[in-house]
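Comments concern the structure below.
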Amino acid sequence: MKCDSVQMNITSYQENSLHPIRMKEIETHLEECVACREWYQEVLELETIWNNPALPALEEDLTVAIMTAISSRPLPYRRNNRFNPLLKTALASGCALILFMYNGAEFFYAAASHIGNYNEHFAHSISSMFHNLSGNS
């Protein structure tokens with residue numbers, strides 16, 4: 001068995017989740033290969049550290065110490081991201097002017113004529129509704 005294959009399957013070997021034949025192959029390889037045996041020992045040590053971390057003892061006034069340290073620092077530079085309202089108005093006016101200059105007149109004319117058609121249709125519908133109501137009375 002090659003070292004790459006052993007190292008790839010070492011976690012499954014450790015969890016005892018491999019086929020018994022594969023387990024025996026890895027076990028034999030670990031007995032024969034010093035490099036893989038050392039690597040396996042490091043994996044075991046890392047797992048122990050990971051599962052049982054040694055946490056340092058914390059000060060009782062840790063929150064106070066952190067808040068004091070934070071409050072003593074200067075405030076970071078904060079850029080004002082708001083646009084000037086005058087700039088917004090000028091920008092919107094400029095965009096409207098450009099749209100109007102470059103074929104915008106046709107767009108506005110088409111939009112206005114369609115609105116007129118909708119108004120005419122709506123007015124006709126309302127008047128026919130009233131006509132039907134007054135004729136039925």
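In segment 24-78, Rg over Rh equals 1.46, where Rg is the alpha-carbon radius of gyration and Rh the Kirkwood radius from pairwise Cα distances. The GluC sites (Glu not before Pro) of segment 8-97 meeting both criteria, a DSSP state outside H, G, I, E and B (loop) and at most 10 other C-beta atoms within 10 angstrom of the site's C-beta, are Glu15, Glu59, Glu60. Taking the convex hull of the alpha carbon positions in segment 4-54 and averaging its projected area over all directions gives 3.6 nm². Applying both filters, DSSP loop and at most 13 other Cβ atoms within 10 Å, to the trypsin sites (Lys or Arg not before Pro) of segment 1-52 gives Lys2.
Here, each number is a calculation from the coordinates, and none is a lab measurement. Bear in mind the structure is a predicted one, so any value in this text is a computation, not a measurement. Note that we place each Cβ from the backbone using ideal geometry, even for glycine, and neighbour counts take in every protein chain shown.
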